[in-house]
Amino acid sequence: MRKLFALVLTLAVLFSAASAFADVKIAFSQIGQESDWRTANTDDITKAITSHPGWTFIYDDAQQKQENQIKALRNFITQNVDYILFTGVVSTGWDEVLKEVNEAEIPLLLIDRMPDCADKIEYEAAFGGDFVEEGRRQIAWVGEYLKAKGRGDEDVNVVIMEGTTGASAQTGRTEGNLAGLKAYPHLKLIAQQSGNFTRAEGQAVMESWLKSLEKIDVLIAQNDDMALGAIDAIKAAGKVPGKDIIIVGCDSVKAAFDAILAGDMNCTVECTPLYSKFVVDALEKLIAGEKLGKEIVHPAEGVFDTEGGIDLGTVTSQKAADVIASRVY
Ligand code: GZL
């Protein structure tokens, strides 16, 4: 009997000790799987959190639907998670639900795309790309490339394929695209349309442009997946991508490097999806009771093209063939 009592007591003590160190529940409301960038972003964060001792990961894929993200955030509140990671598919329509997160006193980390209501809600830190500079770089690369080829005074027709309408990555890159065009008067913008950051919609938009527009000389695609879809459409129309139409993407995913090496694409502007270092560092600090610096924007990174050596002021392009072996995503 004494042995049984001792066993029960031991188990009770062990249980209470374990519950005192119960896992930290970290929830992530992710947009979807619309692009290689998004997949790399999800994989990087998921791997880092699920392999961290003492952390439990709760993940929701919203399939690019705002209503699904709102539902997910409310579920996280019901589950009384300890921390929430959030990137919104668009920038508007989050005020109410993010205020509910604040009222539930669940610390919020904003990653990738910023909600417009950021200045009206509480959040611990924000981490995302310099989308305006990325957009400027796309245009500057075209302007400098044409100059280097002796075509700087030639009027060329430019089309801009935008990301998901209303996403901060789209609004930022469009702002940068339009600002960039001011420095290159021979680049004539003849069309702007959203391809929603997906390859399929990028192909469809390019198909319609090839039918409706007189002549396209340059495609600025606000992510590589749309550029790859456009390449499919250009080939199907019997034209030569990378030659008949200069193609500049954004993200610098592996498939873009492959397209550049194949001669189908000319340039990609990097925007890293590898957020795990920031996320783990921020969560560890918060769990330890430290405060974080609010805005942590990761600076625009590299620019990669066929030949390298194009000077964009803040960066000089690198030859894709020289770096492809070292690429992580
Ligand atoms: C950028 C990110 C964008 C990528 C796209 O930080 O929000 O969303 O450029 C992705 O590929 O779909």
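The values are calculated or read from the model by the stated rules, or taken from the named source; none is laboratory data. Everything numeric here is computed off the predicted structure, so don't read it as measured data. Cβ sites come from the backbone with ideal geometry, for glycine too, and all protein chains shown count toward neighbours.
For the condition on the phi > 0 side of the Ramachandran plot, crowded, with 18+ Cβ neighbours inside 10 Å, away from the ligand (no atom under 16 Å from the Cβ) and not charged (D, E, K, R), what is the one hit in GLY238, GLY242?
On inspection, the qualifying residue turns out to be GLY242.
Can you spot a residue in region 199-212 that is at pLDDT 95 or above, within 15 Å of the ligand (Cβ to nearest atom), within 24 Å of ALA320 (Cβ to Cβ) and buried (at least 24 other Cβ atoms within 10 Å of the Cβ)?
Yes, region 199-212 contains a residue that is at pLDDT 95 or above, within 15 Å of the ligand (Cβ to nearest atom), within 24 Å of ALA320 (Cβ to Cβ) and buried (at least 24 other Cβ atoms within 10 Å of the Cβ).
Counting just the residues of region 24-38 that are within 13 Å of the ligand (Cβ to nearest atom) and either of a type in the set (A, V, I, L, M) or without any contact (Cβ under 8 Å) to a residue 60 or more places away in the chain (or both), which one comes out farthest from ALA104 (Cα to Cα)?
Looking at residues that are within 13 Å of the ligand (Cβ to nearest atom) and either of a type in the set (A, V, I, L, M) or without any contact (Cβ under 8 Å) to a residue 60 or more places away in the chain (or both), I get GLN33.
Among residues belonging to region 213-228 that are without any contact (Cβ under 8 Å) to a residue 60 or more places away in the chain and more than 13 Å from the ligand (Cβ to nearest atom), point out the one that is surrounded by the most Cβ atoms within 10 Å (Cβ to Cβ).
This residue is ILE216.
For region 107-206, list the strands (runs of 3 or more DSSP E) that sit wholly inside it and hold at least 2 residues that are closer than 30 Å to ILE287 by Cβ; which are they?
Because the criterion is at least 2 residues that are closer than 30 Å to ILE287 by Cβ, the strands (runs of 3 or more DSSP E) in region 107-206 that meet it are 108-111, 125-129.
Within region 173-195, track down each residue that is crowded, with 23+ Cβ neighbours inside 10 Å and closer than 20 Å to GLN66 by Cα.
Selection gives GLY195 alone.
Within the set of pairs 6 or more residues apart or between chains, which connect a residue that is closer than 26 Å to VAL297 by Cα inside region 72-96 to a residue that is modelled with pLDDT of 95 or more and aromatic (Phe, Trp, Tyr) with Cβ atoms less than 8 Å apart?
LEU73/PHE86; ILE84/PHE28; ILE84/PHE76; LEU85/PHE28; PHE86/PHE28; GLY88/TRP94
Kindly indicate the residue of region 297-322 that is of a type in the set (Val, Ile, Thr) and exposed (fewer than 15 other Cβ atoms within 10 Å of the Cβ) and also farthest from LYS147 (Cα to Cα) among those meeting that condition.
Per the criteria, the residue is VAL297.
Go through ASP61, ASP82 for me and flag whichever is closer than 30 Å to GLU207 by Cα, in the same structural domain as ILE31 (by TED's automatic domain parsing), surrounded by fewer than 21 Cβ atoms within 10 Å (Cβ to Cβ) and in contact with a strand residue (DSSP E or B) (Cβ under 9 Å, 6 or more places away or on another chain).
Only one candidate qualifies: ASP61.
Yes/no matrix, rows are residues, columns are (1) modelled with pLDDT of 95 or more; (2) within 18 Å of GLY180 (Cβ to Cβ); (3) not assigned by TED's automatic domain parsing to the domain that holds GLY143:
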| site | (1), (2), (3) |
| --- | --- |
| LEU283 | yes, no, yes |
| ILE287 | yes, no, yes |
| THR306 | yes, no, no |
| ILE310 | yes, yes, no |
| THR316 | yes, yes, no |
| LYS319 | yes, no, no |
| ASP322 | yes, no, no |
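On the given criteria, is VAL81 more than 15 Å from the ligand (Cβ to nearest atom), part of a loop (DSSP other than H, G, I, E, B) and β-branched (Val, Ile, Thr)?
yes
Identify the residue in region 207-222 that is assigned to a helix (DSSP H, G or I) and among the charged types (D, E, K, R) and, among all such residues, is farthest from GLY242 (Cα to Cα).
LYS211
For region 272-282, check the following and say yes or no: at least one residue is in contact with a helix residue (DSSP H, G or I) (Cβ under 9 Å, 6 or more places away or on another chain), among the charged types (D, E, K, R) and surrounded by 15 or more Cβ atoms within 10 Å (Cβ to Cβ).
For region 272-282, residues in contact with a helix residue (DSSP H, G or I) (Cβ under 9 Å, 6 or more places away or on another chain), among the charged types (D, E, K, R) and surrounded by 15 or more Cβ atoms within 10 Å (Cβ to Cβ): absent.
Based on this model, can you work out whether ILE26 counts as buried (at least 16 other Cβ atoms within 10 Å of the Cβ), of a type outside the set (D, E, K, R) and either at pLDDT below 95 or part of a helix (DSSP H, G or I) (or both)?
Spelling it out, it is not the case that ILE26 is buried (at least 16 other Cβ atoms within 10 Å of the Cβ), of a type outside the set (D, E, K, R) and either at pLDDT below 95 or part of a helix (DSSP H, G or I) (or both).
Looking at (1) over 18 Å from ASN157 (Cβ atoms); (2) crowded, with 19+ Cβ neighbours inside 10 Å, find the lone condition where LYS254 falls short.
If we test LYS254 against (1) over 18 Å from ASN157 (Cβ atoms); (2) crowded, with 19+ Cβ neighbours inside 10 Å, just (2) comes out false.
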